[in-house]
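Right, one structure below, let's go through it.
The values are calculated or read from the model by the stated rules, or taken from the named source; none is laboratory data. Please read all numbers here as calculations on a predicted model, not as lab measurements. Cβ atoms come from the backbone with ideal geometry, glycine included; neighbour counts cover every protein chain shown.
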4 protein chains.
Amino acid sequence: MSRIRLGMVGGGNDAFIGGVHRIASRIDDRYELVAGALSSTPEKSRASGEALGLPRVYDDYKQMAQREARRKDGIEAVSIVTPNHVHYQAAREFLKRGIHVICDKPLTSTLADAKKLVKAAESSDALFILTHNYTGYPMVRQARGMVAGGEIGAVRVVQVEYPQDWLSVEQDFKQAAWRTDPNQSGAGGSTGDIGTHAFNLACFVTGLEVESLCADIQAFVPGRQVDDNAHVMLRFSGGARGMLWCSQVAPGNENALKLRVYGEKGGLEWAQEDPNYLWFTPFGEPKRLITRNGAGAGEAAARVSRVPPGHPEGYLEGFANIYSEAAEAIVAARDGRPAPDGVLYPTISDGLKGVQFVSACVKSSGRDAAWVRLDH
Amino acid sequence: MSRIRLGMVGGGNDAFIGGVHRIASRIDDRYELVAGALSSTPEKSRASGEALGLPRVYDDYKQMAQREARRKDGIEAVSIVTPNHVHYQAAREFLKRGIHVICDKPLTSTLADAKKLVKAAESSDALFILTHNYTGYPMVRQARGMVAGGEIGAVRVVQVEYPQDWLSVEQDFKQAAWRTDPNQSGAGGSTGDIGTHAFNLACFVTGLEVESLCADIQAFVPGRQVDDNAHVMLRFSGGARGMLWCSQVAPGNENALKLRVYGEKGGLEWAQEDPNYLWFTPFGEPKRLITRNGAGAGEAAARVSRVPPGHPEGYLEGFANIYSEAAEAIVAARDGRPAPDGVLYPTISDGLKGVQFVSACVKSSGRDAAWVRLDH
Amino acid sequence: MSRIRLGMVGGGNDAFIGGVHRIASRIDDRYELVAGALSSTPEKSRASGEALGLPRVYDDYKQMAQREARRKDGIEAVSIVTPNHVHYQAAREFLKRGIHVICDKPLTSTLADAKKLVKAAESSDALFILTHNYTGYPMVRQARGMVAGGEIGAVRVVQVEYPQDWLSVEQDFKQAAWRTDPNQSGAGGSTGDIGTHAFNLACFVTGLEVESLCADIQAFVPGRQVDDNAHVMLRFSGGARGMLWCSQVAPGNENALKLRVYGEKGGLEWAQEDPNYLWFTPFGEPKRLITRNGAGAGEAAARVSRVPPGHPEGYLEGFANIYSEAAEAIVAARDGRPAPDGVLYPTISDGLKGVQFVSACVKSSGRDAAWVRLDH
Amino acid sequence: MSRIRLGMVGGGNDAFIGGVHRIASRIDDRYELVAGALSSTPEKSRASGEALGLPRVYDDYKQMAQREARRKDGIEAVSIVTPNHVHYQAAREFLKRGIHVICDKPLTSTLADAKKLVKAAESSDALFILTHNYTGYPMVRQARGMVAGGEIGAVRVVQVEYPQDWLSVEQDFKQAAWRTDPNQSGAGGSTGDIGTHAFNLACFVTGLEVESLCADIQAFVPGRQVDDNAHVMLRFSGGARGMLWCSQVAPGNENALKLRVYGEKGGLEWAQEDPNYLWFTPFGEPKRLITRNGAGAGEAAARVSRVPPGHPEGYLEGFANIYSEAAEAIVAARDGRPAPDGVLYPTISDGLKGVQFVSACVKSSGRDAAWVRLDH
């Protein structure tokens, strides 16, 4: 089976997430990166492309979309790893040419853009994959499978949090700069950058939708223009309730995404920094530590796992799982087949919900934490 | 120094917390339990008193207050360990006779009672100690001392939670029955029983007041008349924000009280089930694990600790610390002295705030999670 | 039931373990401390006795034994909490007068003394209780019960360790001084002080005897006259094998006693610093976290536990369990009854084995780690 | 920089470690797998090669070595991932043709083979890299750097262990079969398969050599022909002492490799299953949790790490680091340069020591745990 020809928008020399996408695409050997428009200027793009040894480097994403679409051996898929405000325009160029899009989150920097992008995707034959990478962790899949299988009963309470500490003080390096600039990141700061991950994870694992939320968001660091901390209460379809906390000003937290789900019959707990463990407590029984590929872990986890239990897999492997799931769907699309059963990745619909989440947080907080519907 | 003569109201054979108070009073050998009105009927009271070998057993607390007050060797202090709705009437009887009161939390079952009890305490010479026992843990003292000493800078974010699981299903044994009966527990279920502890702990450690809150409270178990889960957002004096979660329906949680405090310069994390550890992260430095009496722990912890680091102290020792702090104050009062510097215990003022917290949660939730001031 | 009248030898003002014994004796209200010979000089003994408010203070243990034996209300039991080299002489005085002895470990400072003390105990009607306090922890009892109940099958491998760090450098305060003086502590340093605990714990939980051992012991701190680190391999009756490590020079370890037992069908793991947890893995199933009084914990733990799951009990409660077990036996002896079923405490026989362990370690190490039988 | 052309011996369809090597070689994009002799029969080799889409598949390693050596675009390096007894013969074929060898551990199944292979390597210009992959973990590099930098002072005590549980019962699938067959694995079972890893890790981090050891090894499962559990005491150059435990019969352990190193000034602790953490305790200060790429971690870790702190890297990334270090050396060799400063991977000399370790364990145990020199 030949590798999928992949292009990349963004991800130049000084970016973090571009390198992650590249490794993720390589781990299971399903992609070959052959083209890029890697930076905001042609010069930088070229320099980064050379450093990576890319066969084809373009001045900008539009040029890349046009030219690659014309080649017989043009890219079949593109990874978009730019700051948020570029996602919509870039994705549209590829979608309208039938090139599959693998896009970093949040979907867009504005709700208006998100809605337009949904339409663009609907009118394209190309697939749209959103890299909410945490859904690729095997034990997250395991948790989702257990909830769906009724092992904790009807969900009552969802506690999800994603604290970090790196923006506890003013920072001006590139990664910080665009994330705290509303023109590039959108109206949400922590809510957009990490709150969307927490939100998506809670929905992914529980299989529930958030109907409404009320939020109290803050910018603690003087002069910061977007939120760096957010407290959110959630009401799910079916009556479950939840809390979401995201923060970039919580010293001692690196990427401490954590999800806890409690149902009528049991509870589940998972933490991103120790991702090979899933705690499961059937009510009235001792807590059990289910390990990746270990006893008690099932097929949902095993199909996205590579090594035996006790050998930790991490962030890159979870990210790679999104790429490999996408590869299954892309190769099926090549052949005109539907994606195989069980293939699972975040879609543009999840992306829209994430942007709605950010928008609802901002709106609710502006109204003194009034309840706001997600589909406001 | 002679032991303090102590009486007890409540705490009969089938109670849980009465036994805890008795052990707590013994650990540092500062009290001698000499009288009791241990149950709701004279017969049961007598049976429990005999089982304990108490010198003097009374039919009810009123009789005990009257007769002990007349004795030369009458009790100097009384522990009130009944269900919540009895606290006010019982405490008043002893306060008006100058007998110090050590009362379990929450202060009362209604806000009206709490306000009347504050007045009763104000017009008495007797001391009033509220057993928010978690404030007695050495590492909680350590945390409070570090916040006060500026080690984490101005507080920004407070995350506090107290999940349990024992009421995940309907329960009808005695401990569950009164806690889920609004006539005995008050309007709050989980909010009153454990939410008040979480609330008190957050204020104790940070030294901050909660100005207002908004709450979404639930009774998940069918037929339950009081909340068994509560989500609360907090606004503190000085601008700090927080979240409080308490639950009795979270399978896998026993008494998982946990406090996390984040300031401009660092973060602190403490968990009741592993109470001998305090995590401290100065921003930009590695996380440090401070252990009770170990390196990095200071005098605030050492003065309420008994054994070397690595030998765990637990719930009973923390509880005993409240008793021993009270003993310092009571013995000083005996001699007409003020309590020595550093003596620290929760007071009736903390008790009032706790009842205000419950009342505000119920009120806010009734208004669809509108912000309610604590002093509503 | 009247309290047991207790005396104490050692445990003066600047001792650590004396205070522990006193608290342990109080927690369950089964003892009343009424007499003491608390220090090595009459003056110090008196000062300490006064500070404690003891009714009767003696110049030395011999005087105490003689005079108390003559009183109608004389002590029924004595706690011996001196440095090791005093144990034998002191215990003998009380045993020969029919006063029960509760003695700190190790039993004696020499093997010869240990053997003589065994004879003294055999020819006395009095009970002999050795405070290997770690056997009092509820989850240690739980582990022992599970091994005995066959839940892990025949034991194959035992890993036990007790590292500390406080003697990583030369120390000259009192607690360190006698423990590193072979005239007071005996030939073993870390082996006697903490190795005996580890050894006893392994045997207590597995129900097995150690038949022989080979040891490599060291004194790392220059000038130290007794071992401060020991590596030991163990051969148990029935074919199980084990390793024991004890150290006082392992920075980062406070009192990190840890036991792991692996059998044909499962494994158990317990750590003193987090004593309310017992890890149990039935082979081929997920690891389970059994908590004190929680789901999966049984009667063996419950009968020596006081508070609900999730409320930690610690070192003092575990120590108190030895005292309370002893109290059951002492009260039964008062009445001429055998101790009730289930009463369990370390005996002089365990004490002898502990001294044999130290002696075998020293002997083996002297022979370049040759195997030495315990009953050498 | 063009990718290194890589071949593979072993690693057919049903092997575990071959897949690991292939992913490890891809993660940093330094290799391209172009040839293989993947299985013990030509048919199986061909089937596996086709499944992988390999350009060139051979009947056996000898054929591959001969033919590839003749090609202009022949492989520059070969990964040998067969059972142990094949390593020597296979490696020799490539070494003598100047093809770099990346070989799985243990080096060989016999000490005689190991010594011959050392000679073969000495007389070849090709590099020899042994995949003691745990030395590739960033926090292992961090630990090694800290020891070398004097942060814990002179090493006194080393505790290393590698327990597993998968061979607690008789197993007959392929992975188990060859590992328990002395003709394929060599005289050591657990000692060879995992004990060598533990041994290598202890030496790698401390920078010390083991001079002698005494061992007590067992085969607990009836009928097993090689050890499945081993207890070993170690004497290091310079006076440090240690213990090593490896086991395949310890239920509840998956790949629980753990290293603890204690020096005059501090201690370090690392565990493979949670590899992004390194515990560091400077004596007399609180324990510190150093995280990969987090505060307190240095360049030694950063140069072999890919993502920010809090995003876990795992087993495959650690393995990839060995491949990427090797790539640095191989590319330098291409150009006739020495490997750049800082490049670090296990060599054939480490391999010889590992086989000596196994041999010494077997020999010592056969002499009732007498001390045996490593270079016996």
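Look through region C:27-68, keep the residues that are acidic (Asp, Glu) and within 14 Å of another protein chain (Cβ to nearest Cβ), and return whichever of them is nearest to C:Asp14 (Cα to Cα).
Per the stated criteria, the residue is C:Glu50.
Go through region C:50-91 and give me each residue that's in a helix (DSSP H, G or I) and touching a Ser or Thr at 6+ places or on another chain (Cβ under 9 Å).
Result: C:Tyr61, C:Asn84, C:His85, C:Val86, C:His87, C:Tyr88, C:Ala90, C:Ala91.
Exactly one condition in (1) polar (S, T, N, Q); (2) surrounded by 24 or more Cβ atoms within 10 Å (Cβ to Cβ); (3) in contact with a helix residue (DSSP H, G or I) (Cβ under 8 Å, 6 or more places away or on another chain); (4) not in a helix (DSSP H, G or I) is not met by C:Ser124; state its number.
Unmet for C:Ser124, out of (1) polar (S, T, N, Q); (2) surrounded by 24 or more Cβ atoms within 10 Å (Cβ to Cβ); (3) in contact with a helix residue (DSSP H, G or I) (Cβ under 8 Å, 6 or more places away or on another chain); (4) not in a helix (DSSP H, G or I): (2).
For region D:1-13, enumerate the residues that are away from chain A (no Cβ under 14 Å), at negative phi and in a loop (DSSP other than H, G, I, E, B).
Once the filter is applied, which keeps residues that are away from chain A (no Cβ under 14 Å), at negative phi and in a loop (DSSP other than H, G, I, E, B), region D:1-13 yields D:Gly12, D:Asn13.
From the list D:Gly342, D:Gly310, D:Gly314, D:Gly351, pick out the single residue that is small (Gly, Ala, Ser) and at pLDDT below 95.
Exactly one of D:Gly342, D:Gly310, D:Gly314, D:Gly351 is small (Gly, Ala, Ser) and at pLDDT below 95, namely D:Gly342.
State whether the residues of region D:79-100 include one that is free of Cβ contacts under 8 Å to residues at least 40 places away in the same chain, farther than 21 Å from D:Arg334 by Cβ and among the β-branched types (Val, Ile, Thr).
No, there is no match, as no residue in region D:79-100 is free of Cβ contacts under 8 Å to residues at least 40 places away in the same chain, farther than 21 Å from D:Arg334 by Cβ and among the β-branched types (Val, Ile, Thr).
For region B:224-261, which positions are away from chain C (no Cβ under 14 Å) and either over 20 Å from B:Leu213 (Cα atoms) or part of a loop (DSSP other than H, G, I, E, B) (or both)?
Answer for region B:224-261, where residues must be away from chain C (no Cβ under 14 Å) and either over 20 Å from B:Leu213 (Cα atoms) or part of a loop (DSSP other than H, G, I, E, B) (or both): B:Arg224, B:Gln225, B:Val226, B:Asp227, B:Asp228, B:Ala240, B:Val249.
Taking D:Gly153 as the residue in question, decide whether it is touching a strand residue (DSSP E or B) at 6+ places or on another chain (Cβ under 9 Å) and either crowded, with 16+ Cβ neighbours inside 10 Å or in a loop (DSSP other than H, G, I, E, B) (or both).
yes
Which residues, counting only those in region A:272-302, are more than 14 Å from chain B (Cβ to nearest Cβ) and more than 20 Å from the chain's Cα centre (by Cα)?
Answer for region A:272-302, where residues must be more than 14 Å from chain B (Cβ to nearest Cβ) and more than 20 Å from the chain's Cα centre (by Cα): A:Thr291, A:Arg292, A:Asn293, A:Gly294, A:Ala295, A:Gly296, A:Ala297, A:Gly298, A:Glu299, A:Ala302.
Considering only residues of region C:101-116 that are closer than 12 Å to C:Thr347 by Cβ and in contact (Cβ under 8 Å) with a residue 60 or more places away in the chain, which is surrounded by the fewest Cβ atoms within 10 Å (Cβ to Cβ)?
Among those residues, the one meeting the criterion is C:Lys105.
Go through A:Ala37, A:Ala24, A:Ala51 for me and flag whichever is hydrophobic (A, V, I, L, M, F, W, C) and modelled with pLDDT under 95.
A:Ala51
Scan region D:9-30 residue by residue and report those that are over 16 Å from the mean Cα position of the chain (by Cα) and either of a type in the set (S, T, N, Q) or outside the structural domain of D:Asn84 (by TED's automatic domain parsing) (or both).
Within region D:9-30, D:Asn13 is the sole residue that qualifies.
Quick check on this structure: which one of D:Leu257, D:Leu201, D:Leu213, D:Leu234 is at pLDDT 95 or above, buried (at least 22 other Cβ atoms within 10 Å of the Cβ) and touching a Gly at 6+ places or on another chain (Cβ under 7 Å)?
D:Leu234
Can you tell me which residue within region C:156-194, out of those that are within 12 Å of chain D (Cβ to nearest Cβ) and in a loop (DSSP other than H, G, I, E, B), is surrounded by the fewest Cβ atoms within 10 Å (Cβ to Cβ)?
Restricting to residues being within 12 Å of chain D (Cβ to nearest Cβ) and in a loop (DSSP other than H, G, I, E, B), the top hit is C:Glu170.
Scan region D:320-340 and give yes if some residue there is within 12 Å of chain A (Cβ to nearest Cβ), touching a Phe, Trp or Tyr at 6+ places or on another chain (Cβ under 8 Å) and under 22 Å from D:Ala198 (Cα atoms), otherwise no.
No; the residues of region D:320-340 include none that is within 12 Å of chain A (Cβ to nearest Cβ), touching a Phe, Trp or Tyr at 6+ places or on another chain (Cβ under 8 Å) and under 22 Å from D:Ala198 (Cα atoms).
Can you run down the residue pairs with Cβ atoms below 7 Å, 6 or more apart or on separate chains, where the first is in region B:171-198 and in contact (Cβ under 8 Å) with a residue 12 or more places away in the chain and of a type in the set (D, E, K, R) and the partner is buried (at least 16 other Cβ atoms within 10 Å of the Cβ) and in a loop (DSSP other than H, G, I, E, B)?
B:Arg179/B:Gly189
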